[in-house]
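Below: one structure, written as structure tokens.
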Amino acid sequence: MASRLLASKAASYLRVSIFHRSFSSVVKDLKYAKSHEWAKVDGSSATIGITDHAQDHLGDVVYVELPEVGAAVKKDFSFGAVESVKATSDINSPVSGKVIEVNEELHASPGLINGSPYEKGWIIKVEMKDANENEVNSLMDSDRYTKFCEEEDTH
């Protein structure tokens, strides 16, 4: 990581282009928001986290602001934040509903988001408002999200 950062700074100083690896992984069965959150939909509930692409751009995560269980979340609105060594970023909900569980392990180990963004690094679980299929259908599948990230990274 440090060598990549050093190489990036050197390339910037020398005004040379360097190859940045594309995002590591996109999971097939998940849905993705343009703000780089993922949702694993299971009936009327959804598990939510940030994508591998997002955590890679953030760098080492040092703190995660979590909502309270019972809090309402609204599609495309912030419910918390992720603080990394580089920046603090809002976490937006890809679906509307009520928080039914938060990943308490993130308080002690926020780096789970870096090491396992789709498994151990999940952030919240939401009971979706009326299991809104329109909200879920408006999210990208893995192929569309892959193309979206590739286009975003070339700009």
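The values are calculated or read from the model by the stated rules, or taken from the named source; none is laboratory data. Predicted, not measured: the structure shown is a model, and the values here were computed from it. Note that we place each Cβ from the backbone using ideal geometry, even for glycine, and neighbour counts take in every protein chain shown.
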Those residues of the stretch 107-126 which are more than 16 Å from the chain's Cα centre (by Cα) and either among the aromatic types (F, W, Y) or more than 17 Å from G80 (Cα to Cα) (or both), in sequence order: none
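This table checks each residue for (1) in contact (Cβ under 8 Å) with a residue 40 or more places away in the chain; (2) of a type in the set (S, T, Y); (3) within 17 Å of L58 (Cα to Cα).
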| residue | (1), (2), (3) |
| --- | --- |
| E83 | no, no, yes |
| N92 | yes, no, yes |
| P117 | yes, no, yes |
| K120 | no, no, no |
| N134 | no, no, no |
| E152 | no, no, yes |
Assuming I123 fulfils every condition listed in (1) surrounded by 20 or more Cβ atoms within 10 Å (Cβ to Cβ); (2) of a type in the set (V, I, T); (3) modelled with pLDDT under 95 apart from one, which condition is it? (3)
Being of a type in the set (A, V, I, L, M), in a strand (DSSP E or B), under 27 Å from N137 (Cα atoms) and within 16 Å of the chain's Cα centre (by Cα), is that true of even one residue in the stretch 92-106? yes
Scope the stretch 126-143; condition modelled with pLDDT of 95 or more and among the β-branched types (V, I, T); matching residues: V126
Would you be able to tell me the number of residues in the stretch 84-106 that are over 27 Å from E135 (Cα atoms) and modelled with pLDDT under 95? 4
Any residue at all in the stretch 85-101 that is among the charged types (D, E, K, R), loosely packed, with under 14 Cβ neighbours inside 10 Å and touching a Ser or Thr at 6+ places or on another chain (Cβ under 6 Å)? yes
Check the stretch 24-33 and report whether any residue there is at pLDDT below 95 and in a helix (DSSP H, G or I). no
